[in-house]
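Input: a single structure, listed below in C-alpha coordinates.
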Amino acid sequence: MLEKLKEEVYKANMDLVKHGLVIFTWGNVSGIDREKGLVVIKPSGVDYDVMKPEDMVVVDLQGNVVEGQLKPSSDTPTHLAIYRAWPEVGGVVHTHSTFATGWSQAGLDIPNIGTTHADYFHEAIPCTADMTEAEVKGAYELETGNVIIKRFEGMNPMHTPGVLVKNHGPFAWGKDPHDAVHNAVVMEQVAKMASIAFAANPNLTMNPLLVEKHFNRKHGPNAYYGQK
(Lines give C-alpha, C1' and ligand atoms only; values in the text may rest on other atoms or scores of the structure.)
Protein backbone atom coordinates (compact mmCIF):
# COMPACT_ATOMS: atom_id res chain seq x y z
CA MET A 1 0.00 0.00 0.00
CA LEU A 2 1.28 3.47 -0.98
CA GLU A 3 4.66 2.00 -1.91
CA LYS A 4 5.70 5.07 -3.91
CA LEU A 5 4.85 7.41 -1.02
CA LYS A 6 6.67 5.11 1.43
CA GLU A 7 9.80 5.35 -0.70
CA GLU A 8 9.43 9.13 -0.93
CA VAL A 9 8.97 9.50 2.83
CA TYR A 10 11.89 7.15 3.52
CA LYS A 11 14.19 9.17 1.24
CA ALA A 12 13.03 12.42 2.83
CA ASN A 13 13.86 11.05 6.28
CA MET A 14 17.31 10.00 5.08
CA ASP A 15 17.78 13.50 3.66
CA LEU A 16 17.50 14.86 7.20
CA VAL A 17 20.63 12.87 8.00
CA LYS A 18 22.36 13.94 4.79
CA HIS A 19 21.77 17.61 5.55
CA GLY A 20 22.84 17.31 9.19
CA LEU A 21 19.47 18.15 10.69
CA VAL A 22 19.20 15.07 12.91
CA ILE A 23 21.36 12.87 15.10
CA PHE A 24 20.33 9.53 16.60
CA THR A 25 16.55 9.30 16.03
CA TRP A 26 15.77 13.00 16.60
CA GLY A 27 13.44 13.72 13.72
CA ASN A 28 10.67 12.53 11.45
CA VAL A 29 9.12 13.19 8.06
CA SER A 30 5.64 12.31 6.85
CA GLY A 31 3.73 12.59 3.60
CA ILE A 32 0.05 12.41 2.76
CA ASP A 33 -2.03 10.89 -0.02
CA ARG A 34 -4.91 13.37 -0.06
CA GLU A 35 -7.13 11.23 -2.31
CA LYS A 36 -6.94 8.27 0.05
CA GLY A 37 -6.77 10.34 3.23
CA LEU A 38 -3.74 8.33 4.42
CA VAL A 39 -0.42 9.45 5.86
CA VAL A 40 2.95 7.69 5.70
CA ILE A 41 5.33 8.47 8.56
CA LYS A 42 8.62 7.31 10.04
CA PRO A 43 8.38 4.65 12.77
CA SER A 44 9.11 5.69 16.34
CA GLY A 45 12.67 5.44 17.62
CA VAL A 46 14.12 3.48 14.70
CA ASP A 47 17.74 4.29 13.89
CA TYR A 48 18.34 5.77 10.46
CA ASP A 49 21.19 3.30 9.84
CA VAL A 50 18.82 0.34 9.83
CA MET A 51 15.56 1.93 8.65
CA LYS A 52 14.06 0.72 5.35
CA PRO A 53 11.21 1.98 3.13
CA GLU A 54 9.03 -0.93 4.21
CA ASP A 55 9.37 0.22 7.84
CA MET A 56 7.29 3.32 7.10
CA VAL A 57 3.91 3.25 8.81
CA VAL A 58 0.58 4.11 7.17
CA VAL A 59 -2.04 5.82 9.33
CA ASP A 60 -5.36 7.49 8.66
CA LEU A 61 -6.08 11.10 9.59
CA GLN A 62 -7.41 9.99 12.98
CA GLY A 63 -4.14 8.20 13.77
CA ASN A 64 -5.30 4.63 13.31
CA VAL A 65 -2.56 2.35 11.92
CA VAL A 66 -3.68 1.07 8.53
CA GLU A 67 -0.48 -0.77 7.61
CA GLY A 68 2.88 -1.40 9.26
CA GLN A 69 4.50 -3.66 11.82
CA LEU A 70 6.07 -0.84 13.82
CA LYS A 71 4.66 1.98 15.94
CA PRO A 72 4.41 5.32 14.11
CA SER A 73 6.40 8.32 15.30
CA SER A 74 5.32 9.69 18.67
CA ASP A 75 4.87 13.03 16.88
CA THR A 76 2.22 11.58 14.54
CA PRO A 77 -0.70 13.45 16.19
CA THR A 78 1.12 16.76 15.56
CA HIS A 79 1.62 15.91 11.88
CA LEU A 80 -2.01 14.86 11.53
CA ALA A 81 -3.29 18.07 13.13
CA ILE A 82 -1.35 20.07 10.53
CA TYR A 83 -2.71 17.95 7.66
CA ARG A 84 -6.29 18.31 8.92
CA ALA A 85 -5.97 22.08 9.36
CA TRP A 86 -4.16 22.95 6.13
CA PRO A 87 -5.22 21.02 3.00
CA GLU A 88 -2.39 22.51 0.92
CA VAL A 89 0.25 20.71 3.01
CA GLY A 90 1.62 17.50 1.48
CA GLY A 91 4.59 16.82 3.76
CA VAL A 92 5.62 17.64 7.35
CA VAL A 93 9.06 17.57 9.02
CA HIS A 94 10.09 17.78 12.66
CA THR A 95 13.70 18.02 13.80
CA HIS A 96 15.78 19.22 16.71
CA SER A 97 18.27 21.00 14.45
CA THR A 98 20.69 23.08 16.50
CA PHE A 99 20.07 26.72 15.59
CA ALA A 100 16.31 26.53 15.02
CA THR A 101 15.94 24.65 18.30
CA GLY A 102 18.06 27.31 19.98
CA TRP A 103 15.61 29.99 18.88
CA SER A 104 12.68 27.87 20.05
CA GLN A 105 14.30 27.39 23.45
CA ALA A 106 14.79 31.15 23.65
CA GLY A 107 11.08 31.52 22.87
CA LEU A 108 11.73 33.93 20.02
CA ASP A 109 10.46 34.33 16.47
CA ILE A 110 13.20 34.33 13.84
CA PRO A 111 12.80 37.81 12.34
CA ASN A 112 12.93 38.28 8.58
CA ILE A 113 16.22 40.14 8.39
CA GLY A 114 17.67 38.97 5.09
CA THR A 115 16.87 38.07 1.52
CA THR A 116 17.61 34.37 2.10
CA HIS A 117 14.84 34.31 4.69
CA ALA A 118 12.54 36.30 2.41
CA ASP A 119 13.08 33.89 -0.49
CA TYR A 120 11.33 31.15 1.49
CA PHE A 121 9.45 32.67 4.44
CA HIS A 122 7.38 35.82 4.00
CA GLU A 123 6.98 36.55 7.69
CA ALA A 124 9.15 36.03 10.73
CA ILE A 125 9.24 32.31 11.51
CA PRO A 126 6.91 32.33 14.50
CA CYS A 127 7.42 30.76 17.90
CA THR A 128 4.39 29.32 19.66
CA ALA A 129 3.11 30.32 23.08
CA ASP A 130 3.83 28.42 26.28
CA MET A 131 1.77 25.26 26.51
CA THR A 132 -0.63 25.10 29.43
CA GLU A 133 -0.58 22.45 32.12
CA ALA A 134 -3.69 20.87 30.61
CA GLU A 135 -2.07 20.76 27.16
CA VAL A 136 1.12 19.17 28.46
CA LYS A 137 -0.61 16.64 30.72
CA GLY A 138 -3.36 15.85 28.21
CA ALA A 139 -3.02 14.75 24.58
CA TYR A 140 0.39 16.42 24.42
CA GLU A 141 1.36 15.72 20.80
CA LEU A 142 -2.10 16.65 19.52
CA GLU A 143 -2.04 19.83 21.58
CA THR A 144 1.37 20.64 20.11
CA GLY A 145 -0.31 20.61 16.71
CA ASN A 146 -3.12 22.77 18.03
CA VAL A 147 -0.76 25.45 19.39
CA ILE A 148 0.99 25.53 16.00
CA ILE A 149 -2.31 26.04 14.21
CA LYS A 150 -3.39 28.72 16.68
CA ARG A 151 -0.12 30.60 16.17
CA PHE A 152 -0.86 30.82 12.45
CA GLU A 153 -4.22 32.53 12.84
CA GLY A 154 -4.18 35.40 10.33
CA MET A 155 -1.10 34.02 8.54
CA ASN A 156 -0.73 32.00 5.36
CA PRO A 157 1.03 28.74 6.38
CA MET A 158 2.22 28.14 2.82
CA HIS A 159 3.88 31.55 2.68
CA THR A 160 5.73 30.92 5.94
CA PRO A 161 6.09 27.12 5.96
CA GLY A 162 7.71 26.65 9.33
CA VAL A 163 7.29 27.21 13.05
CA LEU A 164 9.21 26.99 16.30
CA VAL A 165 7.43 25.14 19.09
CA LYS A 166 8.54 26.96 22.24
CA ASN A 167 11.13 25.04 24.29
CA HIS A 168 10.87 22.13 21.85
CA GLY A 169 12.00 22.59 18.26
CA PRO A 170 11.07 23.34 14.66
CA PHE A 171 8.40 21.93 12.39
CA ALA A 172 8.34 22.64 8.65
CA TRP A 173 6.00 21.65 5.85
CA GLY A 174 5.61 21.87 2.11
CA LYS A 175 3.72 20.60 -0.92
CA ASP A 176 5.32 17.15 -0.51
CA PRO A 177 7.88 15.48 1.80
CA HIS A 178 10.85 16.63 -0.30
CA ASP A 179 9.63 20.23 -0.25
CA ALA A 180 9.08 20.04 3.51
CA VAL A 181 12.66 18.85 4.05
CA HIS A 182 13.93 21.63 1.77
CA ASN A 183 12.10 24.19 3.92
CA ALA A 184 13.47 22.62 7.11
CA VAL A 185 17.03 22.86 5.77
CA VAL A 186 16.52 26.52 4.85
CA MET A 187 14.95 27.27 8.23
CA GLU A 188 18.00 25.88 10.03
CA GLN A 189 20.34 27.94 7.87
CA VAL A 190 18.22 31.07 8.36
CA ALA A 191 18.27 30.49 12.13
CA LYS A 192 22.06 30.15 12.02
CA MET A 193 22.51 33.33 10.00
CA ALA A 194 20.14 35.26 12.27
CA SER A 195 22.11 34.10 15.33
CA ILE A 196 25.34 35.41 13.79
CA ALA A 197 23.74 38.65 12.61
CA PHE A 198 22.21 39.55 15.97
CA ALA A 199 25.46 38.69 17.77
CA ALA A 200 27.30 41.08 15.44
CA ASN A 201 24.65 43.81 15.56
CA PRO A 202 21.78 43.55 18.06
CA ASN A 203 20.25 46.72 16.58
CA LEU A 204 20.11 45.54 12.98
CA THR A 205 17.22 46.47 10.70
CA MET A 206 15.72 45.07 7.50
CA ASN A 207 14.42 46.94 4.48
CA PRO A 208 10.78 45.74 4.10
CA LEU A 209 10.93 46.44 0.35
CA LEU A 210 13.58 43.74 0.03
CA VAL A 211 11.34 41.24 1.85
CA GLU A 212 8.49 41.82 -0.59
CA LYS A 213 10.78 41.83 -3.62
CA HIS A 214 12.51 38.56 -2.80
CA PHE A 215 9.40 36.72 -1.66
CA ASN A 216 7.30 37.79 -4.62
CA ARG A 217 9.90 37.14 -7.29
CA LYS A 218 9.72 33.46 -6.27
CA HIS A 219 6.14 33.12 -5.01
CA GLY A 220 4.12 36.11 -6.19
CA PRO A 221 1.62 36.29 -9.07
CA ASN A 222 4.35 37.59 -11.39
CA ALA A 223 7.16 35.37 -10.10
CA TYR A 224 10.14 35.21 -12.43
CA TYR A 225 12.80 33.32 -10.48
CA GLY A 226 13.93 30.02 -12.03
CA GLN A 227 12.97 28.32 -15.27
CA LYS A 228 9.48 27.97 -16.68
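The values are calculated or read from the model by the stated rules, or taken from the named source; none is laboratory data. Keep in mind the model is a prediction, meaning the values are calculated, not measured. Using ideal geometry, Cβ is built from the backbone for each residue, glycine included, and neighbour counts are taken over all protein chains shown. What goes into the accessible areas is simple: the full protein's heavy atoms, side chains included, and nothing from ligands, DNA or RNA. Shrake-Rupley method; radii C 1.70, N 1.55, O 1.52, S 1.80 Å.
Data for the structure
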item: Hey, residue 123 out of contact with any Ser or Thr (no Cβ under 6 Å at 6 or more places or on another chain), outside any helix (DSSP H, G or I) and open to solvent by 10 Å² or more (accessible area, probe 1.4 Å) or not; result: no
item: Yes/no for residue 180 being out of contact with any Asp or Glu (no Cβ under 8 Å at 6 or more places or on another chain), at pLDDT 95 or above and loosely packed, with under 14 Cβ neighbours inside 10 Å; result: no
item: Matching residues in the range 30-43 - criterion: being out of contact with any Lys or Arg (no Cβ under 6 Å at 6 or more places or on another chain) and surrounded by 24 or more Cβ atoms within 10 Å (Cβ to Cβ); result: 30, 31, 32, 39, 41, 42
item: Close pairs from the range 183-211: first over 16 Å from residue 98 (Cα atoms) and hydroxyl-bearing (Ser, Thr, Tyr), partner part of a loop (DSSP other than H, G, I, E, B) and open to solvent by less than 80 Å² (accessible area, probe 1.4 Å), Cβ under 7 Å, at least 6 apart; result: none
item: Neighbours by Cβ (under 6 Å, 6+ apart or cross-chain): first from the range 90-105, closer than 17 Å to residue 79 by Cβ and in contact (Cβ under 8 Å) with a residue 12 or more places away in the chain; second among the small types (Gly, Ala, Ser) and outside any helix (DSSP H, G or I); result: 91/31; 91/174; 92/30; 93/172; 95/27; 96/169
item: Answer from 44, 30 - the residue that is under 27 Å from residue 155 (Cα atoms) and either of a type in the set (Ser, Thr, Tyr) or modelled with pLDDT under 95 (or both); result: 30
item: Count of the range 169-218 residues which are outside any helix (DSSP H, G or I) and among the polar types (S, T, N, Q); result: 4
item: Number of the exception - residue 66 against (1) more than 14 Å from residue 16 (Cβ to Cβ); (2) of a type in the set (Val, Ile, Thr); (3) within 15 Å of the chain's Cα centre (by Cα); result: (3)
item: Every residue from the range 133-154 that is in a helix (DSSP H, G or I), open to solvent by 40 Å² or more (accessible area, probe 1.4 Å) and in contact (Cβ under 8 Å) with a residue 40 or more places away in the chain; result: 141, 142, 146, 149
item: Residue within the range 155-171 that is over 18 Å from the mean Cα position of the chain (by Cα), under 21 Å from residue 80 (Cβ atoms) and surrounded by 14 or more Cβ atoms within 10 Å (Cβ to Cβ) present; result: no
item: Single condition residue 26 does not satisfy, out of (1) without any contact (Cβ under 8 Å) to a residue 60 or more places away in the chain; (2) open to solvent by 60 Å² or more (accessible area, probe 1.4 Å); result: (1)
